[in-house]
1. Can you list residue pairs whose Cβ atoms sit under 6 Å apart, with the first residue in region 124-139 being under 18 Å from Phe20 (Cβ atoms) and the second being in a helix (DSSP H, G or I)? Count only pairs 6 or more apart in sequence or on different chains.
2. Has region 118-131 got at least one residue that is of a type in the set (Lys, Arg), farther than 18 Å from Ile34 by Cα and surrounded by fewer than 15 Cβ atoms within 10 Å (Cβ to Cβ)?
3. Provide a single number: the residues in region 122-151 that are under 15 Å from Leu15 (Cα atoms), touching a strand residue (DSSP E or B) at 6+ places or on another chain (Cβ under 8 Å), of a type outside the set (S, T, N, Q) and modelled with pLDDT of 90 or more.
4. Against the definition (in contact (Cβ under 8 Å) with a residue 24 or more places away in the chain and over 14 Å from the mean Cα position of the chain (by Cα)), how does Pro101 come out, yes or no?
5. Given the conditions (1) farther than 18 Å from Ala128 by Cα; (2) crowded, with 18+ Cβ neighbours inside 10 Å; (3) of a type in the set (A, V, I, L, M, F, W, C), and given that Ala57 satisfies all but one, which numbered condition is not satisfied?
6. Can you tell me how many residues within region 37-96 are modelled with pLDDT of 90 or more, over 25 Å from Phe20 (Cβ atoms) and in a helix (DSSP H, G or I)?
Amino acid sequence: MRKFLVILDDSRECLNAMRFAAMRAAKTGGGVEILAVIPPEEFNHWIGVADIMRAEARERIEVHFEVFAKWMRDRKGIDPQLVIREGEVVPEILALIHEDPDVGVLVLGAGTDKGSPGPLVTALTRSAGSLPVPITIVPGELSKERLEAVT
């Protein structure tokens, strides 16, 4: 089954990327894989403190994921998978794409700032020519109704 890979973070544009991935998966018989990456700088403490911080970060991610997962299950009939990794965001995204042959599309949300579409879109479009999957960039200001219409 082809999966839409979407990135879970605290950005506003994450919401539209999640919606788009779920809508496309529901309409095409695909799945959704949600990747959350914990940056390494969060754990530059003593080992015991780092372990507690890592557990807290995972718990926050799981709670955040469950909000999106419930919406996807209830509204679109999609049961997303959560993958949590630790490291730098872009290399972890690229590694997952290369490791999982079922990932068929990377879905990114574009920021609403006028100066830049956001760090992920900027970084990943630089390597778009060598990726084994297409990238779909979802505008952050697209309405729910417009998302429904284009999916």
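The values are calculated or read from the model by the stated rules, or taken from the named source; none is laboratory data. All of these numbers come straight from a predicted model, not from anything done at the bench. Heads up, the Cβs are rebuilt from the backbone with ideal geometry, glycines too, and the neighbour counts pull from every protein chain shown.
1. Val133/Ile97; Ile135/Ala128; Ile137/Val121; Val138/Asn16; Val138/Ala17; Val138/Phe20
2. Yes: region 118-131 contains one or more residues that are of a type in the set (Lys, Arg), farther than 18 Å from Ile34 by Cα and surrounded by fewer than 15 Cβ atoms within 10 Å (Cβ to Cβ).
3. Adding up the residues that qualify gives 4.
4. No: the conditions fail for Pro101.
5. (2)
6. Final tally of qualifying residues: 4.
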